Amino acid sequence: MSSFENINNFNQPKSNLFKMLMFSVLAFILLAISIFVPFIGIIGLSLILIPSVRMMLEGRIWESILCSVTGSSVLFFFDIKIPFLFMAILISVSFIYRYCFARNKGPLLTIALSAIVFIGLLIIFTSFITVFQNPDFIPDFFNRYKETIANFPDDPIVQEYMKTMSISREQMQSTITQAGGFLNMIPYLIPSVIIVYIFLSIFISYYWSMVIFRKNGIVLKGIPLFKTWDIPWYLIFGFIFGLILVLIPNFNARFDFSLDAIGANLLIIFGLLYTVMGFAVLWGIFDNFKIAYAWRILIIIAISFFIILLIIIPIIGILDIWINFRKLERH
C-alpha cells in the first residue's frame with residue numbers, strides 16, 4: 001500500500017485552495033521584504049514551499065502548480081524573470097516531496113534532493129542571464145563591489161562613524177588597505193553562503209511541513225534525534241580538499257586567488273557541516289550525563305562567544321568519523 005493510499009484512508013478534509021493561495025502570496029510578500037535581512041529571509045524562503053508541497057502531497061497536482069504560479073507572481077513587481085525561476089523551483093521541489101513520500105524515503109534524502117534541485121535551477125538561471133541577456137552581469141557586480149570598497153571612506157554613514165570615533169580618513173584608508181585581501185575575497189564566498197542558506201531553508205521548511213501536515217493525516221517521516229545525526233565518512237575529502245587549496249603556497253598570480261576562493265568556499269560548506277556534527281556529538285554527551293536542557297543551551301551559547309571553542313567543535317565532528325564518540329551503528 002502506497003503512502004497516498006494511506007492518506008485517503010484517513011478521510012481527512014482537503015486543504016482549502018483559496019487559503020493555500022493566500023498563504024503562498026503572503027509567504028512571497030514576506031520573502032520579497034526580507035530576502036536581504038539575515039535569518040528573516042530564511043523564514044520567507046522556508047514558507048513559500050509549504051502550500052505547493054501540501055497540495056502535491058494531497059494528490060492535487062494542478063492545484064499545487066497553481067499555488068506555485070500564484071505565489072511566484074508577486075515577484076513580477078520586482079523583476080520579469082525571477083518569478084519563473086521560483087515557479088520552476090516550487091514545482092520541482094513539490095514533485096520531489098511527492099516522490100520521496102510515495103516511496104517512504106527518509107527526510108534527509110528529501111531535503112538533500114530539494115536543495116540540490118534548488119541550487120541547480122539557480123545555476124541554470126544565472127547562466128542563462130549571463131550568456132543570453134547580460135554577458136557583463138557577473139563582471140559588473142564585481143566592479144561595483146570594488147568601487148564600493150574604494151569609496152567606502154566617503155560614505156556618509158562611515159564618515160559619521162569616523163567623526164564619532166575620531167578616526168581620520170588616512171587611518172580608515174590604511175585599515176581598508178590592510179584588509180584588502182579579505183575584502184576582495186568576500187564576493188567570491190557568495191556561492192557557499194547561498195548553498196548554506198538554501199539547505200537551511202529547505203530543512204526548516206521540511207520540519208514545519210512535518211509538524212503542520214500531520215494534523216491533516218499527511219505524516220512525513222520524522223527528522224532523527226539531533227544526537228544521532230551522522231554523515232557519510234567520505235565527505236571529509238571535501239573538507240581536506242578545501243584545506244589543501246587554501247594552504248597551497250602561491251605559485252602563479254593567475255591561479256592563486258582562484259584556488260584560494262574555491263578552497264575557502266569548500267571550507268565554509270564542509271566546516272559548517274562538521275560544526276553541526278560536532279554539536280550533535282556534544283548533544284549526545286549531554287544526554288549521557290543527563291544534563292538539563294537549560295544548561296545545554298547555556299553551554300552552547302557560552303561556546304559561541306569563544307573562537308577557540310568554536311574551532312574545537314568542527315574538530316570534534318571530524319574526529320567522530322574515526323572515534324565514534326556516540327557509538328553509532330555505521331556501515
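Scanning segment 276-320 for residues being open to solvent by less than 40 Å² (accessible area, probe 1.4 Å) and within 20 Å of Trp233 (Cβ to Cβ) gives a total of 12. Kindly provide the set of residues from segment 184-233 that are in a loop (DSSP other than H, G, I, E, B) and either touching a Gly at 6+ places or on another chain (Cβ under 6 Å) or of a type outside the set (Phe, Trp, Tyr) (or both), ordered by number. Passing the criteria: Gly217, Ile218, Val219, Leu220, Lys221, Gly222, Ile223, Pro224, Leu225, Asp230, Ile231, Pro232. Selection of segment 142-182 for residues being in contact with a Pro (Cβ under 8 Å, 6 or more places away or on another chain) and open to solvent by 80 Å² or more (accessible area, probe 1.4 Å) yields only Arg169. Sub-9 Å Cβ pairs linking a first residue in segment 216-242 that is without any contact (Cβ under 8 Å) to a residue 24 or more places away in the chain to a second residue that is of a type in the set (D, E, K, R) and open to solvent by less than 50 Å² (accessible area, probe 1.4 Å), at least 6 apart or interchain, are Leu225/Asp287, ordered by first then second residue.
Determine if segment 64-73 includes at least one residue that is hydrophobic (A, V, I, L, M, F, W, C) and not in a helix (DSSP H, G or I).
no
Contact map, segment 128-154: first residue at pLDDT 80 or above, second residue open to solvent by 80 Å² or more (accessible area, probe 1.4 Å), Cβ cut-off under 7 Å, separation 6 or more or different chains; pairs are Ile129/Phe137; Thr130/Phe137. Scanning segment 128-138 for residues that are assigned to a helix (DSSP H, G or I) and either open to solvent by less than 60 Å² (accessible area, probe 1.4 Å) or among the aromatic types (Phe, Trp, Tyr) (or both) yields Phe128, Ile129, Thr130, Phe132, Phe137.
Residues that are open to solvent by less than 80 Å² (accessible area, probe 1.4 Å) and without any contact (Cβ under 8 Å) to a residue 12 or more places away in the chain within segment 321-331 comprise just one, Asn324.
Residues considered: Ser94, Ser166. Of these, the only one that is more than 30 Å from Leu267 (Cα to Cα), over 17 Å from the mean Cα position of the chain (by Cα), polar (S, T, N, Q) and not in a helix (DSSP H, G or I) is Ser166.
The values are calculated or read from the model by the stated rules, or taken from the named source; none is laboratory data. Keep in mind that this is a model prediction, so the values were computed, not measured. Reconstructed Cβ throughout: ideal geometry from the backbone, glycine too, with neighbour counts over all protein chains shown. The protein model used for the area step is the full one, side chains on, heavy atoms only, and it has no ligands, DNA or RNA in it. Shrake-Rupley method; radii C 1.70, N 1.55, O 1.52, S 1.80 Å.
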